[in-house]
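J.: Could you have a look at this structure, given as structure tokens, before my questions?
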Amino acid sequence: MRDYLKWHDAYDDPDSDLYWPLRKVQAHIRAVLDEVEGPLRVLSLCAGDGRDVLQVLAEREDASRVRATLIELHPVLAQRAREFASASGLTNVTVRITDAGNTSAYAGAIPADLMIIIGVLGNLSDDDVRQTISTAPQLGRPGATLLWSRATIATERNAAIRALLAEAKFTELDYLEFDQSEGERAALGSARYDGPLQPLMIDRQIFTFLR
């Protein structure tokens, strides 16, 4: 298994493959917060230490209108997120130490205005990718923004993800690819949910991380 604590430390290294994507994700988060007025819900799947969301909220005067729920199974990373939120005075942040692959993790935290699925899809089987994307409409309200990423050498898999999002009534807003080390490419996508509000199917396992 990947050392996720060491992996997250690479976000602070300007020479790492993770530095650029984090800044791009945060730029998208800022754009959504600037665009949506009033109370706003953010939902982050497999959130890690939550720095993509929390660093943005910590710099904003209107952070109190944002209710953010971070789902993370790793207890050390989840505790880091809690400590950062507390130290930054972010009182509307909830960190749930639970499996984001089970829909029960999202009860009471949806429908979201911003759904973040970063660093997830590249760790799933093709079947689980399909299930995750087909379930995403249950997590957001109509008009919600979804951010996703996937690192892959075979870029046609990203094309498949984009097609699955379109089938699930997501309209693509942005898509960027960039080179990483060892010939690998990474992608960051943004899409708007243009379908109807859907009820959440409780206690459904939609994905499991590959080992």
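The values are calculated or read from the model by the stated rules, or taken from the named source; none is laboratory data. Given the structure is predicted, the values throughout are model-derived calculations rather than measurements. No Cβ is skipped: glycine too gets one built from the backbone with ideal geometry, and neighbour counts run over all protein chains shown. In case anyone asks, the SASA skips ligands and DNA or RNA and just uses the protein heavy atoms, side chains included. Shrake-Rupley method; radii C 1.70, N 1.55, O 1.52, S 1.80 Å.
J.: Given a Förster distance of 22 Å, report the FRET efficiency between Phe178 and Glu83 from their Cβ-Cβ distance, rounded to the nearest 0.05. Working shown, then result.
T.: Numbers: r = 31 Å, r/R0 = 1.42.
Once the sixth-power term is evaluated, E becomes 0.10.
J.: Oh, and also: If amide hydrogens are placed 1.01 Å from N in the peptide plane, which non-local residues have theirs closer than 5 Å to the one on Gly119?
T.: Residues meeting the criterion, in which the H sits 1.01 Å from N, are Ser149.
J.: Another one. Among bridges DSSP assigns within the chain, what percent are antiparallel (round to 5)?
T.: On the way: 18 of 35 bridges.
Around 50 percent antiparallel, to the nearest 5.
J.: Then there's this: So how far, in whole Å, is the C-alpha centre of the range 191-211 from the one of the range 102-164?
T.: 7 Å
J.: Shifting gears a bit: Can you pull the percent of the chain's accessible area that's carbon plus sulfur, 1.4 Å probe, other chains left in place?
T.: Numbers: 5010 of 10100 Å².
Carbon and sulfur together cover 50 percent of it.
J.: Dividing the alpha-carbon radius of gyration of the range 60-154 by 2.2 N^0.38 Å (N being the number of residues), what value is obtained?
T.: 1.15
J.: Please give me the summed charge of the neighbours of Asp62: other residues whose Cβ is under 11 Å from its Cβ, Lys and Arg +1, Asp and Glu -1. Walk me through the intermediate numbers first.
T.: On the way: positive: Arg60, Arg65; negative: Asp34, Glu37, Glu59, Glu61.
Around Asp62, the charge tally is -2.
J.: Could you grab the relative contact order for the chain? Cα pairs under 8 Å, six or more apart, rounded to a whole percent. If you can, show how the numbers build up before the last one.
T.: On the way: 382 pairs, mean separation 41.3, N = 211.
Answer for the chain is 20 percent.
J.: So if the hydrodynamic radius of the chain is defined as the Kirkwood radius over C-alpha pairs, what does Stokes-Einstein give as its diffusion coefficient at 25 °C and 0.890 mPa s, in µm² per second? Could the numbers behind the result be given before it?
T.: Values: Rh = 17.2 Å.
D, rounded to a whole number, is 143 µm²/s.
J.: Starting from the 7 Å offset along Cα-to-Cβ, what nm value, one decimal, do you get for the label separation of Leu197 and Ala107?
T.: Result for the modelled spin labels: 2.0 nm.
J.: Over the range 85-211, give the accessible area per residue in Å² for a 1.4 Å probe, as an integer.
T.: On the way: 5810 Å² over 127 residues.
Using a 1.4 Å probe on heavy atoms only, each residue of the range 85-211 averages 46 Å².
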